[in-house]
1. When the stretch B:12-39 is examined, which residues are found to be of a type in the set (D, E, K, R) and at pLDDT 90 or above?
2. Looking for whichever is under 27 Å from the mean Cα position of the chain (by Cα), modelled with pLDDT of 90 or more and either under 18 Å from B:Leu166 (Cα atoms) or within 14 Å of chain B (Cβ to nearest Cβ) (or both) here; the options are A:Val46, A:Val10. Which one fits?
3. Restricting the stretch A:62-96 to residues that are modelled with pLDDT of 75 or more and over 25 Å from the mean Cα position of the chain (by Cα), which is least open to solvent (accessible area, probe 1.4 Å)?
4. Of the conditions (1) open to solvent by 40 Å² or more (accessible area, probe 1.4 Å); (2) touching a helix residue (DSSP H, G or I) at 6+ places or on another chain (Cβ under 6 Å), A:Val190 fails just one. Which one is it?
5. Sort out which residues of the stretch A:193-220 are open to solvent by less than 30 Å² (accessible area, probe 1.4 Å), of a type in the set (Gly, Ala, Ser) and more than 20 Å from A:Met247 (Cβ to Cβ), and write them in order of number.
6. Quick one: count up the residues across the stretch A:28-52 that are outside any loop (DSSP other than H, G, I, E, B) and open to solvent by 60 Å² or more (accessible area, probe 1.4 Å).
7. Tally the residues that are under 29 Å from B:Ser99 (Cα atoms), crowded, with 24+ Cβ neighbours inside 10 Å and of a type outside the set (D, E, K, R), restricting the search to the stretch B:129-160.
Amino acid sequence: MAIVSDGASVVPGQYLAPLRDPQGHYILGPGTTITKVEVEDQAILVISATLVGSVKVVRDENEPKDDTDEQKSPAYVISVAPRKELPLVLPKQGDVVLVRITRLNQKQAFCEILSVEDNKNVLLDSGIGAVGTTAHQSVAVSGGASALTSQAAVASFQSTLGKAVAADLGETFKGIIRTQDVRLTDRDRVQIVDCFRPGDIVRGMISSLGDGSNYYLTTARNDLGVVFARGEGGAGGILYPLDWETMVDSTTGRIEKRKCAKPFKSN
Amino acid sequence: MFLKTGLVDTASGSAYVEADDCIVQVSVYGPRPIRGSFIEKASFSVECKFLPYVTKVAAEHQNTNPNGKPGMNSIEQRISTYVETALLPCLLLENYPKSTIDIYVTVIANKSASLLELTNWIVNCSSLALVDSAIEIKDIVTGGVATIEDENDSKNSQCLASFMNLRNNEIVGFWIDGGQELNEKVLTKTLETCQERAQVVRRNFNGFLTT
């Protein structure tokens, strides 16, 4: 038996269930962690909550069938659903995301991540600047800890308005689509300008956490690529895909090249 | 005591605490993207600032801050360091790669609280703000302040200790202010008082968070 019942509201640190008990064993779901509790000189591993929210106990369906142990106890996944909507999600490897292309060069397209599919926006503001410049300057070039070395980072130093730096705006997670990740075939002859243009909204998949500043994305799948674009560098009409590498301007009929996402679900 | 969370819209989480005449506001930003080289765990920073008219604790300590971060005077620096040390063990930084979690503390008013009492409220308020931000934490850190009592003590020393109550009352922060000489008996007794007080705060927080 779990210590708390399904649906109970919990606070961070609260014990939810022991890792193992006579009725079954428990698996950590989202919003939980392991605590080592010492009782009567014995250390017991307990699953505890990390968020304020309600407990969900679900029978683990895909537990491995083990023939050797017939009386195997059932497994339950125990997780905490946050009461408040999570302020933002961190993109993970394998997530499908929507990005906006910001600039191009010969080898790669740079973009900012707008939202994670089946989840929500990565940042509340989608790039307008979550903090602003009035009170606290945002993260310094080399990360949060060193933000404090800057005079402007201090709360009472109110006269920073005129000194906005690049880091103040567009506080989004950045990404890169390299030429070899654009499509699956003929990868060494990819011309970035024939695939993306700044301003395009692209559906991509995170292939790696990348380096400090950029996630690496791939569009090498039929359902990944440009999903929304305007012609003539954003001045023209909305483009519609003709085939996987051509789009047509709805008003002028002009043809432009893009790496399009397949707009239909394939069976 | 008055508690309120979620007052700052642009922050991921925030908390506002009024305890007697000591008013503290804390905002949590993050996880935010970093620039620079790859880090596997989130970086964590705390910055404390007194509003200009809050002089109670600030004026009692001279500003000798040759090596600290510019913009913070020595007392703000010391409080920030304590809060950072106390909250680090409760964070699951490995869940947030290549990002940063920043805490900004503003002391809005303080008439009578001593340095340690004020710091204690800052830690408590920061914990609450972390909970409000839905950043995953192992336990809520709370603390208590006790006066160190010895028969021949006239130095009025104080002791602040912060705990993770549900993790075997692990002490995550410890600060003694004053010139009192210590022995094991006195220290044990003082820590017990601190722990009792931390548990009272924790009970109140639990009640506040579940209603």
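1. B:Glu18
2. It is A:Val10.
3. Across the stretch A:62-96, the extreme among qualifying residues is A:Ala75.
4. In the conditions (1) open to solvent by 40 Å² or more (accessible area, probe 1.4 Å); (2) touching a helix residue (DSSP H, G or I) at 6+ places or on another chain (Cβ under 6 Å), A:Val190 misses (1) alone.
5. First, the residues of the stretch A:193-220 that are open to solvent by less than 30 Å² (accessible area, probe 1.4 Å): A:195-196, A:200, A:202, A:204, A:206, A:210, A:212, A:214-215, A:217-220.
Checking the rest, the ones that are also of a type in the set (Gly, Ala, Ser) come to A:204, A:210, A:212, A:220.
Passing the criteria: A:Gly210, A:Gly212.
6. The total comes to 9.
7. Matching residues across the stretch B:129-160 total 9.
The values are calculated or read from the model by the stated rules, or taken from the named source; none is laboratory data. Every value quoted in this text rests on a predicted model; they were computed, and no experiment measured them. Glycine also receives a Cβ, built like all others from the backbone with ideal geometry; neighbour counts cover every protein chain displayed. We work out accessible area using only protein heavy atoms, side chains counted, and drop any ligands, DNA or RNA first. Shrake-Rupley method; radii C 1.70, N 1.55, O 1.52, S 1.80 Å.
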